[in-house]
1. Here are B:Met242, B:Met257: which of them is touching a Gly at 6+ places or on another chain (Cβ under 7 Å) and either polar (S, T, N, Q) or within 14 Å of chain A (Cβ to nearest Cβ) (or both)?
2. Specify which of the listed residues (A:Leu33, A:Leu94, A:Leu88) is farther than 23 Å from B:Leu266 by Cα, away from chain B (no Cβ under 11 Å) and hydrophobic (A, V, I, L, M, F, W, C).
3. For the stretch B:338-357, indicate whether the set of residues that are modelled with pLDDT of 95 or more and farther than 19 Å from B:Gly276 by Cα is non-empty.
4. Which one of A:Leu99, A:Leu147 is surrounded by 15 or more Cβ atoms within 10 Å (Cβ to Cβ) and farther than 20 Å from A:Thr56 by Cβ?
5. What is the one condition in (1) part of a loop (DSSP other than H, G, I, E, B); (2) among the aliphatic types (A, V, I, L, M); (3) within 26 Å of B:Val8 (Cα to Cα); (4) free of Cβ contacts under 8 Å to residues at least 60 places away in the same chain that A:Leu156 does not satisfy?
6. Out of A:Glu179, A:Glu190, which single residue is acidic (Asp, Glu), more than 20 Å from A:Asn41 (Cα to Cα), modelled with pLDDT of 95 or more and within 18 Å of the chain's Cα centre (by Cα)?
7. Can you work out which of the residues in the stretch B:1-30 that are among the hydrophobic types (A, V, I, L, M, F, W, C) and within 14 Å of chain A (Cβ to nearest Cβ) is surrounded by the most Cβ atoms within 10 Å (Cβ to Cβ)?
Amino acid sequence: MSRIMKKKSMKYEIIFSGFGGQGVLFVGNLIALAGMYQGFNVSFLPVYGPEMRGGTCHCTVLLSDKEIASPLVYEPGYLVIFNLPSFLKFIPRLKRGGLALVNKDLVKVEEIEHYETLCANKKILWLPLNTWAEAIGMPLALNLCALGALNKLLGLFPEEILIKALREMLGKEKLPLLEANLKAYRKGFEEVEAYESSLTKS
Amino acid sequence: MRNKRVLVKGVEAVALGALEGGCECYFGYPITPQNEIPEIMSVELPPRGGVFLQAESETSAINMVLGASAVGTRVMTSSSSPGISLMSEGFSYLIALELPCVIVNVMRGGPGLGGIEASQGDYFQAVKAPGHGDGKFLVFAPYSCQEAYELTAKAFELADKYRNPVMILSDAILGQMKEPLELKPLKIKKISKEGWALTGAKNRPARVIRSLFLDSAELAKRNLTLLRKYQKMEREIRFEKMAEGGEKVLVVAFGSMARICKEAVLNLRAKGYEVGFFRPITLFPYPKKALAELVSSQKIKKIIVFELNCGQMVEDVALSLKGMGKLISKSYPPSVIPFPEDLEREIKKCLNSSDFPRV
């Protein structure tokens, strides 16, 4: 019964959090837009306050096949964490059994007090986002790497939908950046794909 | 043809609604969190032959609105709480002169400069006394981007219909969040202003628009005329309700807070709790009759009012219910915004308690 119920309602609650300048709001807006093109009901709520480059910044994105009432959620099912302050702020709020994609390059387990209790009953997937972004020569595109990884895991929308949303987000002026962003997206996607297939082999 | 769907912020939806409603002039002064409205108007109005002007202050902006309205154009301004206070002298004159216009308040925390996060602290100001004297606005509180678009467009028609300012009362959550908006063409009526607008007196007797009436009987008559107009506005009352019978508790909220409440109510209903929901869309005139009828017909015993302020709308709920049921006020002063999970707990507490304070 519960399995049927799950199929009936699809709702993804995702919080993206990191430093200002890591593209947190861009990627949040992008996933909401792509979600809309895919036919989901969506909402995108940026935080909002006197934020600055280097300060922390987060946004909440909801994708659902039902009407979305509240754009705020205390316990999201998914987290995408780009830096240590975000990890400490949001991991306690992650739903039981929820999944966090965490940037391994900026969050070190040894720097976290009570790591075991903090992450009990929560799934953490460590991704070297900065390393990936640098490997493809796009050090600023770690946000797209994260999106690629997330979409490989959740299967929210196909790549052509993402391209459509990315085109609109970049606008005419920044359209030359489309290929580079796409490369970063694919990097994240493929890395997780390789990781998954290594799991099934072993 | 299918309507175009776009992902927009609440404030962008307001601006798009204004354009759909036939807005010709915009005057304003920048303030967070509503700057996307002037941004869009500055791009869109001039090519349509309209006027966009950034004034030197809110006081100037509202007086420019007054002038543009007096000559018969569809005109708007937008601001946020502190800016709205600066405009209040102009509001009183607009009401007194029976000049139509649309005013958007994207509320932020107060009093004073307060903060820039969401609040509903200007409820009283909007519905009770936008300016000095006995004046009232017709006040709409949208809770989604779609509603912000449609109500703003409709506001231009209703402002002309009643010759009265109409306020769109929103806040920073709805203002800054993005969600899909269906850009559908709306049927907004054009209403002739030939009978009163100051358009030049060639071939007709000169007209005067004034608010000074030193004859005491004349001023009383004038106020009664305005009062009758406010009573007529009751035709525009809109609300949303969710209660089919058997509800033990009714949750009342407006604007962004209503969304957070609705989430909590839907979750509780799915779990079998008997919780109803009522959302006024017009805040003035307040849907008093509808609310009272709902509570009496469904025999609802407890009513909780949730607000992002220290408890304002709860007074209108109390006036509507006239002692029916037990009323509780749950207020969240800016800028600590509750999550749906918090509200769920509060509603459950209320369901389970046999006794709680009466307002």
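1. B:Met242
2. The unique qualifying residue is A:Leu88.
3. Looking for residues that are modelled with pLDDT of 95 or more and farther than 19 Å from B:Gly276 by Cα, one finds at least one in the stretch B:338-357, hence yes.
4. Result of the check over A:Leu99, A:Leu147: A:Leu99.
5. In the conditions (1) part of a loop (DSSP other than H, G, I, E, B); (2) among the aliphatic types (A, V, I, L, M); (3) within 26 Å of B:Val8 (Cα to Cα); (4) free of Cβ contacts under 8 Å to residues at least 60 places away in the same chain, A:Leu156 misses (4) alone.
6. One residue alone meets the criteria, A:Glu190.
7. B:Ala13
Rundown of residues vs (1) over 19 Å from the mean Cα position of the chain (by Cα); (2) more than 26 Å from B:Ile209 (Cα to Cα); (3) assigned to a strand (DSSP E or B), yes/no style:
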| position | (1), (2), (3) |
| --- | --- |
| B:Leu7 | yes, yes, yes |
| B:Gly17 | no, yes, no |
| B:Cys23 | no, no, no |
| B:Thr32 | no, yes, no |
| B:Glu56 | yes, no, no |
| B:Ile62 | no, no, no |
| B:Val65 | no, no, no |
| B:Gly72 | yes, no, no |
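The values are calculated or read from the model by the stated rules, or taken from the named source; none is laboratory data. Keep in mind the model is a prediction, meaning the values are calculated, not measured. Glycine also receives a Cβ, built like all others from the backbone with ideal geometry; neighbour counts cover every protein chain displayed.
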